[in-house]
Amino acid sequence: MFDVLTELQLTPPHGHVIMQLTQHGPMRMRDMAESMVCDASYITALADRLEELGLAERRAAADDRRVKELALTEAGRRAGERLDAIFATPPPAMATLTPAERRTLAAIARKLHDGEHAEQWM
């Protein structure tokens, strides 16, 4: 992932924004700030860089023209697909696990994800 981000001249937070937009489509900038638990001015700085590189664009929200949302450009969609493919590919160490170990790992991951405190991990 870091190799792709470096190639695209981006930092991990930029990659996070691209992944959010890839998964959820255009987002209001304030919603992006809430999802990343950061100040809206930080999202503005990230959006500035993504626009500068032609990966995203700010536009008026369809339901309220006063509100700005961030959307990926075609180049941004391609970058998001690349990053998504990296996250969808298990690390090579997973191949060393037996089928039983993979099932156990999946069960543990489900339990952590579905637990009553799952929001702490997301």
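The values are calculated or read from the model by the stated rules, or taken from the named source; none is laboratory data. Note that the coordinates shown come from a computational prediction; the quantities given were computed from them, not determined experimentally. Note: ideal-geometry Cβ built from the backbone for every residue, glycine included; neighbour counts use all protein chains shown. Just the protein is used for accessible areas: all its heavy atoms, side chains included, with ligands, DNA and RNA removed. Shrake-Rupley method; radii C 1.70, N 1.55, O 1.52, S 1.80 Å.
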> Using the alpha-carbon atoms, what tilt in degrees (0 to 90, nearest 10) does helix 12-24 show relative to the longest principal axis of the chain?
Replying inline: 90 degrees
>> I'd like the Karplus ³J(HN,Hα) series for the stretch 98-112: coefficients 6.51, -1.76, 1.60, θ = phi - 60°, whole numbers in Hz, and an x wherever there's a Gly or Pro.
In response: 6, x, 5, 5, 5, 4, 5, 4, 4, 5, 5, 4, 4, 4, 5
>> On a full-extension model of 0.36 nm per residue, what is the gain between ARG78 and THR98, subtracting their alpha-carbon distance, rounded to one decimal in nm?
In response: 3.8 nm
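Extension gain ARG30-ALA62, at 0.36 nm per residue separation less the Cα-Cα distance, in nm?
On the way: separation 32, 0.36 × 32 = 11.52 nm, distance 1.51 nm.
Going from the current span to full extension adds 10.0 nm.
What relative contact order, as a whole-number percentage, does the stretch 1-115 give when Cα pairs under 8 Å and 6 or more residues apart are counted?
Numbers: 99 pairs, mean separation 28.4, N = 115.
25 percent.
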> Under 5 Å between amide H atoms, partner at least 5 residues away or on a different chain: which partners does VAL67 have, H built in plane at 1.01 Å?
Replying inline: ALA61
> Roughly how many Å² is the accessible area per residue of the stretch 6-122, as a whole number, for a 1.4 Å probe?
Replying inline: 68 Å²
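So if I place +1 on the C-beta of Lys and Arg and -1 on the C-beta of Asp and Glu, and nothing else carries charge, what would the dipole magnitude of the chain be about its Cα centre? I want it in debye, nearest 20. Intermediate values should be presented prior to the final figure.
Details: 15 positive and 19 negative charges, 42 e Å.
Result for the chain is approximately 200 debye, rounded to the nearest 20.
Within the chain, what whole-number % of the accessible surface is contributed by carbon and sulfur, with the 1.4 Å probe and all protein chains included in the calculation?
Working: 4740 of 8290 Å².
The C+S portion of the solvent-accessible surface of the chain is 57 percent.
Compute, for the stretch 1-69, the length of the dipole vector about the Cα centre, with Cβ point charges of +1 (Lys, Arg) and -1 (Asp, Glu) only. Units Debye, rounded to 20. Please report the intermediate quantities before stating the final value.
Details: 8 positive and 12 negative charges, 54 e Å.
The calculation lands at about 260 debye.
Count charges around LEU55 for me, please; just the other residues with Cβ under 10 Å from its Cβ, Lys/Arg as +1, Asp/Glu as -1. Working shown, then result.
Details: positive: ARG49, ARG77, ARG78; negative: GLU51, GLU52, GLU57, GLU74.
It works out to a net charge of -1.
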> ALA45 versus ALA109, label points 7 Å from Cα toward the beta carbon: distance in nm?
Replying inline: 3.3 nm
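For the chain, what is the calculated [θ] at 222 nm in deg cm²/dmol (nearest 500), taking -39500 (n - 2.57) for each run of four or more DSSP H residues and dividing by its residue count? Could the numbers behind the result be given before it?
Numbers: 6 runs with 71 residues, N = 122.
Helix-only estimate at 222 nm: -18000 deg cm²/dmol.
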>> Explain nothing, just compute: Karplus ³J(HN,Hα) = 6.51 cos²θ - 1.76 cosθ + 1.60, θ = phi - 60°, for every residue of the stretch 87-92 in order, whole Hz, x for Gly and Pro.
In response: 5, 7, 9, x, x, x
